[in-house]
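Have a look at the structure below before the remarks.
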Amino acid sequence: MRKTMIRAATASSILAVSAFALAPAAFAQDTMESEGSMSSDSMSSDSMASGDMPMVGGAAMDPAKTIPENASAASNLSTLVAALQAADLVETLSGEGPFTVFAPTNAAFEKVPDGTVDTLLQPENKEQLTKILTYHVVSAEATSEAAMQMIEDDGGEHNVTTVSGDTLTLKMDGDNLVIIDESGGGAVVEQADVMQANGVVHVIDSVLMPE
């Protein structure tokens with residue numbers, strides 16, 4: 001990604017785990033007003049299998065299981081799971097929520113500069129890793145339909161505050177839901193609306209970086 005990924009994060013920018021319990025009010029309210037779960041065809045690349053359970057990384061995502069439980073079964077999310085374990089966030093994301101998680105695939109992590117992921121997984125970089133990971137989490141449940149409605153209501157872009165305290169910008173690029181980070185990079189939602197017992201996961205193709 002960018003060199004900012006290995007820049008030390010200031011203590012004031014690191015969010016305590018307790019912040020997962022705080023939902024950004026505006027985002028949560030908009031989400032509750034936009035009921036339902038729908039995504040465009042371009043955001044549902046994995047086919048449905050095992051009844052009504054979507055497949056991610058070759059595994060059925062059980063809506064009765066938590067975000068970490070399902071992610072651990074997905075072969076294409078193994079790097080994310082390893083990062084969550086290193087940051088001690090598995091237990092937090094196993095909580096009641098609800099959470100919206102923008103989940104980078106293994107291929108997304110492979111886009112960052114060589115050695116960056118290994119560096120971030122070191123114990124001495126735990127705070128920086130936590131900030132990056134919590135930048136991918138919003139303390140509210142937002143389906144793609146809700147997100148697209150908020151984008152439309154706001155004239156083409158909708159800002160959300162993440163658990164890290166930083167901002168993501170949601171917008172549409174044709175039929176694709178995209179997320180723009182504070183560093184100017186962006187990610188495309190490859191698979192939307194993977195429902196979990198404690199929220200929803202949207203699988204994305206790039207790692208998001210705070211400023």
Highest-first arrangement of 85-91, 166-172, where packing means the average Cβ count within 10 Å: 166-172, 85-91
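For residue 114 and residue 154 in one chain, what is 0.36 nm times their gap in residues minus the Cα-Cα distance, to one decimal in nm? Could you put the intermediate results ahead of the total?
Details: separation 40, 0.36 × 40 = 14.40 nm, distance 3.81 nm.
Length gained between residue 114 and residue 154: 10.6 nm.
Output the peptides 193-205, 119-131 sorted from most to least packed, where packing is the average of other Cβ atoms within 10 Å over each peptide's residues.
Working: 193-205: 22.3, 119-131: 16.5.
Descending packing order for the listed peptides: 193-205, 119-131.
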For the stretch 125-132, Karplus couplings with θ = phi - 60° (6.51, -1.76, 1.60), whole Hz, Gly/Pro x: 10, 4, 5, 5, 4, 4, 4, 5
Size of the dipole of the stretch 70-136 about the Cα centre, Lys and Arg at +1 and Asp and Glu at -1 on the beta carbon, nothing else charged, in debye to 20? 160
Reachable aspartates and glutamates, given that their alpha-carbon falls under 20 Å from the alpha-carbon of residue 111 and they are not under 8 places away in the same chain: 181, 182, 190, 205, 211
Candidate aspartates and glutamates for bridging to residue 126, where Cα separation is under 12 Å - those fewer than 8 sequence places away on the same chain excluded: 88, 118
What spacing in nm lies between the two simple spin-label points modelled at residue 88 and residue 64, each 7 Å away from Cα in the Cβ direction? 3.2
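None of the figures in this text is laboratory data; all of them are computed from the coordinates on show. Here the structure is a predicted model, which means the values were calculated and not measured. Counting neighbours? That spans all protein chains shown, and the Cβs are built from the backbone with ideal geometry, glycine included.
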